[in-house]
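Inspection log for the structure reproduced underneath, given as structure tokens.
The values are calculated or read from the model by the stated rules, or taken from the named source; none is laboratory data. All of these numbers come straight from a predicted model, not from anything done at the bench. Methodologically, a virtual Cβ is constructed for each residue, glycine included, from the backbone with ideal geometry; neighbour enumeration extends over all protein chains shown.
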Amino acid sequence: MLFAVSWEFIDPSEEGAARSLAVFQGWQPAAGAEFKGFYGYADGSGGIAIVEVDSVATLARLTAPFTPWLQFNAKPILPVEESAAIAGEAMTFRNSIG
């Protein structure tokens, strides 16, 4: 499963920033996760990652160590060709209903 995972900092204190960076430096991604892209926002407010995971539990293991400092939003994603095809199928179905 492919997810777009975004985060924003919820602890703006210097202590919170220092601790979250220390935890991040010692962190390793959970088994079953592959990061396709990992980016920080240029304004320093958070970031976004594209990550493929083998289960939702793996996704939870990726984010759990950082919940004291970060608020996460994870959305399942599809390649645009696939999502467009599904949207077309849905439109065809809706149009078939009289």
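Counting the residues of the range 1-23 that are surrounded by 12 or more Cβ atoms within 10 Å (Cβ to Cβ) and of a type in the set (Gly, Ala, Ser) gives 5. Considering only residues in the range 1-36 that are in a loop (DSSP other than H, G, I, E, B) and among the small types (Gly, Ala, Ser), the one that is farthest from Pro76 (Cα to Cα) turns out to be Ser13.
Suppose the filter is exposed (fewer than 11 other Cβ atoms within 10 Å of the Cβ) and at pLDDT below 95; does Gly26 pass it? Taking the combined requirement at face value, the residue does not satisfy it. Evaluating Ser83 against the criteria (1) hydroxyl-bearing (Ser, Thr, Tyr); (2) in contact (Cβ under 8 Å) with a residue 24 or more places away in the chain; (3) farther than 21 Å from Gly26 by Cα leaves one unmet condition, (2).
Among residues of the range 35-48 that are without any contact (Cβ under 8 Å) to a residue 40 or more places away in the chain, those with a Cβ under 9 angstrom from a residue that is in a strand (DSSP E or B) and among the aromatic types (Phe, Trp, Tyr), sequence gap 6+ or separate chain, pair up as Gly44/Phe9; Ser45/Phe9.
Restricting attention to the range 51-97, and to residues there that are over 11 Å from the mean Cα position of the chain (by Cα) and of a type in the set (Ser, Thr, Tyr), which single residue is surrounded by the most Cβ atoms within 10 Å (Cβ to Cβ)? Per the stated criteria, the residue is Thr58.
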